1. Provide a single number: the residues in segment 1-42 that are open to solvent by 20 Å² or more (accessible area, probe 1.4 Å), touching a helix residue (DSSP H, G or I) at 6+ places or on another chain (Cβ under 6 Å) and part of a strand (DSSP E or B).
2. Please determine whether any residue of segment 115-129 is under 16 Å from the mean Cα position of the chain (by Cα), open to solvent by less than 100 Å² (accessible area, probe 1.4 Å) and at pLDDT 90 or above.
3. Against the condition of a type in the set (A, V, I, L, M), touching a helix residue (DSSP H, G or I) at 6+ places or on another chain (Cβ under 6 Å) and surrounded by 13 or more Cβ atoms within 10 Å (Cβ to Cβ), how does I59 come out, does it pass?
4. Residues in segment 73-82 that are closer than 22 Å to P53 by Cβ and more than 11 Å from the chain's Cα centre (by Cα): how many?
Amino acid sequence: MSTENKEKFMLAAIRKADENIITGKGGPFGAVVVKDGEIVAAFGNCVTSTNDPTAHAEIVAIREACKVLETFDLTGCEIYASCEPCPMCLGAIMWARIDKLYFAADRLDASRAGFDDELFYSEIALPYHQRSIKPIQLLQKEANIVFNKWNNTPDKMVY
């Protein structure tokens, strides 16, 4: 794909971020999912308008792209984000099997704008006992019974 097309798609993501400021639908973030040179989904962040902390632009665009394409596997797609995705969004991009990620602003730019993405990146790198929310593991053996059942299910849909 040409640099010109990539820039066109990135500008679409940036416009979605800008629209959010104008409409008040959410934070200054936008994302566009592209397949075969066509925009499949384009959304801005809508955390505050939906009261959903997971409604980041990338997540909402991925959800819509999956609906439009009728699949949970977005192999063959690219995502353009107005800002470097936070760890949650990066995880969703990876789970969706999106081939390429392009972003404009980075996590430090987001931090200067008052968003704490860098905090989340730092927390994930810490051992459990050093994190601000210290996870407590319970019933691992019982949970692994379910995983063993999954492993032994011959007709499962792997994702």
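1. The initial filter retains those residues of segment 1-42 that are open to solvent by 20 Å² or more (accessible area, probe 1.4 Å), namely 1-8, 10-11, 14-16, 18-19, 21-25, 28-29, 35-40, 42.
Imposing the further condition that a residue be touching a helix residue (DSSP H, G or I) at 6+ places or on another chain (Cβ under 6 Å) reduces the set to 25, 28-29, 40, 42.
Narrowing the set further to residues that are part of a strand (DSSP E or B) leaves 40, 42.
Count: 2.
2. yes
3. Working: of a type in the set (A, V, I, L, M): yes; touching a helix residue (DSSP H, G or I) at 6+ places or on another chain (Cβ under 6 Å): yes; surrounded by 13 or more Cβ atoms within 10 Å (Cβ to Cβ): yes.
Yes: the conditions hold for I59.
4. Residues of segment 73-82 that are closer than 22 Å to P53 by Cβ, as a first pass: 79, 81-82.
Remaining after also requiring more than 11 Å from the chain's Cα centre (by Cα): 82.
Summing the residues that are closer than 22 Å to P53 by Cβ and more than 11 Å from the chain's Cα centre (by Cα) in segment 73-82 gives 1.
Yes/no per residue for (1) at negative phi; (2) surrounded by fewer than 13 Cβ atoms within 10 Å (Cβ to Cβ); (3) β-branched (V, I, T):
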{"site": "S82", "(1), (2), (3)": "yes, no, no"}
{"site": "R97", "(1), (2), (3)": "no, no, no"}
{"site": "F103", "(1), (2), (3)": "yes, no, no"}
{"site": "R107", "(1), (2), (3)": "yes, no, no"}
{"site": "S111", "(1), (2), (3)": "yes, no, no"}
{"site": "K134", "(1), (2), (3)": "yes, yes, no"}
{"site": "Q137", "(1), (2), (3)": "yes, yes, no"}
{"site": "E142", "(1), (2), (3)": "yes, yes, no"}
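A quick yes/no check of all residues on (1) of a type outside the set (S, T, Y); (2) over 15 Å from the mean Cα position of the chain (by Cα):
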| position | (1), (2) |
| --- | --- |
| S2 | no, yes |
| K6 | yes, yes |
| A13 | yes, no |
| V34 | yes, no |
| F43 | yes, no |
| T48 | no, yes |
| T54 | no, no |
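The values are calculated or read from the model by the stated rules, or taken from the named source; none is laboratory data. What you see is a predicted model, and the numbers here were worked out from it, not measured in a lab. Virtual Cβ from ideal backbone geometry, glycine too; neighbours counted across all protein chains shown. Note: areas computed on protein heavy atoms with side chains; ligands, DNA, RNA excluded. Shrake-Rupley method; radii C 1.70, N 1.55, O 1.52, S 1.80 Å.
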